[in-house]
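Engineer: Here's a structure for you.
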Amino acid sequence: QVQLVESGGGLVQPGGSLRLSCAASGFTFSRYAMSWYRQAPGKERELVAAITSTDGSTNYADSVKGRFTISRDNAKNTVYLQMNSLKPEDTAVYYCNAKGGVGAIKVAYWGQGTQVTVSS
């Protein structure tokens, strides 16, 4: 069974840091691009950060550039999101996503999400 299990969410003060983890199983992790999305109440789900399955290149939403870092450990089938200098507007449910496939066959998997709350 394909699974993406997230951990590391919680309550932090503005300016604080948090590291999210997403443990994957049931598929060949190293062949999938991984990403983090987030969704705040009343807002659309947005891409926060992504990392490729090839050379490990990354991209980030403008709102988190310079503050967040995505990384992956293929040996552990885990993707991370290091979040620094957190702001109240970062409050959201954060979701782990895996994207891959061969040729015309495309697949994507989602985690259940983990709550991040930034508040004083």
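The values are calculated or read from the model by the stated rules, or taken from the named source; none is laboratory data. Worth saying up front: this structure is predicted, and the values here are computed from it rather than measured. Cβ placement follows ideal geometry from the backbone for every residue including glycine, while neighbour counts extend to all protein chains displayed. Just so you know, the surface numbers come from the protein's heavy atoms only, side chains and all, with ligands and any DNA or RNA stripped out. Shrake-Rupley method; radii C 1.70, N 1.55, O 1.52, S 1.80 Å.
Engineer: Residue 63: of a type in the set (Ser, Thr, Tyr), surrounded by fewer than 21 Cβ atoms within 10 Å (Cβ to Cβ) and farther than 23 Å from residue 27 by Cα, yes or no?
Structural biologist: It is true that residue 63 is of a type in the set (Ser, Thr, Tyr), surrounded by fewer than 21 Cβ atoms within 10 Å (Cβ to Cβ) and farther than 23 Å from residue 27 by Cα.
Engineer: So, in the stretch 32-47, exactly how many residues are in contact (Cβ under 8 Å) with a residue 40 or more places away in the chain and under 22 Å from residue 101 (Cα atoms)?
Structural biologist: Going through the stretch 32-47 one residue at a time, the tally reaches 6.
Engineer: Restricting the search to the stretch 41-60, which residues are open to solvent by less than 60 Å² (accessible area, probe 1.4 Å) and not in a loop (DSSP other than H, G, I, E, B)?
Structural biologist: 48, 49, 50, 51, 60
Table: residues versus (1) of a type in the set (Ser, Thr, Tyr); (2) open to solvent by 30 Å² or more (accessible area, probe 1.4 Å).
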| position | (1), (2) |
| --- | --- |
| 16 | no, no |
| 19 | no, yes |
| 31 | no, yes |
| 35 | yes, no |
| 38 | no, no |
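Results for (1) among the hydrophobic types (A, V, I, L, M, F, W, C); (2) within 10 Å of the chain's Cα centre (by Cα), shown as yes or no for each residue.
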site	(1), (2)
45	no, no
57	no, no
66	no, no
70	yes, yes
81	yes, yes
88	no, no
97	no, yes
102	yes, no
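Engineer: What number of residues in the stretch 66-83 are assigned to a loop (DSSP other than H, G, I, E, B) and either open to solvent by less than 40 Å² (accessible area, probe 1.4 Å) or closer than 18 Å to residue 40 by Cα (or both)? Break it down stepwise before answering.
Structural biologist: Start the filter on the stretch 66-83 by keeping residues that are assigned to a loop (DSSP other than H, G, I, E, B), which leaves 66-67, 74-77.
Retained after the next criterion (residues that are either open to solvent by less than 40 Å² (accessible area, probe 1.4 Å) or closer than 18 Å to residue 40 by Cα (or both)): 67.
Count: 1.
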